[in-house]
Amino acid sequence: MYRVMLVDDEIWTLQGIQESFQWSQYDMEVIGAYTYATEALKMILEKKPDIVFTDIRMPVISGLELINRIRENGLATEIVIISGFGHFEYAKEAIRGGAFDFVLKPLDTDETDSLLERLKNKLDQKYNEKNKKLFE
């Protein structure tokens, strides 16, 4: 089961994400949801989730800074930015920082299913390659 953490400074958005996505259908479970990015970062570094969904604009630590700190600590976590702001510069910077995808709010259920399927495929491939190397 792939472990997922959610980060957004708006509690209703966190609840919406938790309820909108068909996590178990894609072999995923939410292991934490945080409204404070500083707390989320601490838990991400401790629990090392497979996936982090984060807002881009948050107080204290932005989603872009969160990506940078995750990468600085050597985690290969897949990161999805969910934002109400469609500025191309945000998306470009997120992708440069190693984000898996950039999704705009409000979320479309067809889009969420496609996103989770692509994430699962990437993680399956990543872990299959890792396991293959262990046996070589």
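The values are calculated or read from the model by the stated rules, or taken from the named source; none is laboratory data. Only a predicted model underlies this, so the values are computations on that prediction, with no experimental measurement involved. Cβ placement follows ideal geometry from the backbone for every residue including glycine, while neighbour counts extend to all protein chains displayed. Please note that ligands, DNA and RNA were not included when accessible areas were found on the heavy atoms of the full protein model with its side chains. Shrake-Rupley method; radii C 1.70, N 1.55, O 1.52, S 1.80 Å.
Here is a check on your reading of the model: is Asp8 open to solvent by less than 40 Å² (accessible area, probe 1.4 Å) and of a type in the set (D, E, K, R)?
yes
If you take the residues of the stretch 20-67 that are under 25 Å from Asn121 (Cα atoms), of a type in the set (Gly, Ala, Ser) and at pLDDT below 95, which of them is nearest to the chain's Cα centre (by Cα)?
Among them, the one singled out is Gly63.
Name the single residue, out of those in the stretch 23-50 being without any contact (Cβ under 8 Å) to a residue 60 or more places away in the chain and acidic (Asp, Glu), that is most open to solvent (accessible area, probe 1.4 Å).
For the stretch 23-50, the residue satisfying everything is Glu46.
Does Ile17 satisfy being crowded, with 19+ Cβ neighbours inside 10 Å, within 13 Å of the chain's Cα centre (by Cα) and modelled with pLDDT under 95?
So Ile17 fits the description; yes.
Looking only at residues in the stretch 51-106 that are free of Cβ contacts under 8 Å to residues at least 40 places away in the same chain and among the hydroxyl-bearing types (Ser, Thr, Tyr), which one is most open to solvent (accessible area, probe 1.4 Å)?
Tyr90
Tell me, please, whether a residue that is assigned to a helix (DSSP H, G or I), modelled with pLDDT of 85 or more, within 11 Å of the chain's Cα centre (by Cα) and of a type in the set (A, V, I, L, M, F, W, C) can be found in the stretch 117-133. Before you say what the answer is, go through the steps one by one.
The initial filter retains those residues of the stretch 117-133 that are assigned to a helix (DSSP H, G or I), namely 117-133.
If we keep only those that are modelled with pLDDT of 85 or more as well, we get 117-128.
From the residues that got through so far, the ones that are within 11 Å of the chain's Cα centre (by Cα) too are 119.
Checking the rest, the ones that are also of a type in the set (A, V, I, L, M, F, W, C) come to 119.
Yes, there is a match, as at least one residue in the stretch 117-133 is assigned to a helix (DSSP H, G or I), modelled with pLDDT of 85 or more, within 11 Å of the chain's Cα centre (by Cα) and of a type in the set (A, V, I, L, M, F, W, C).
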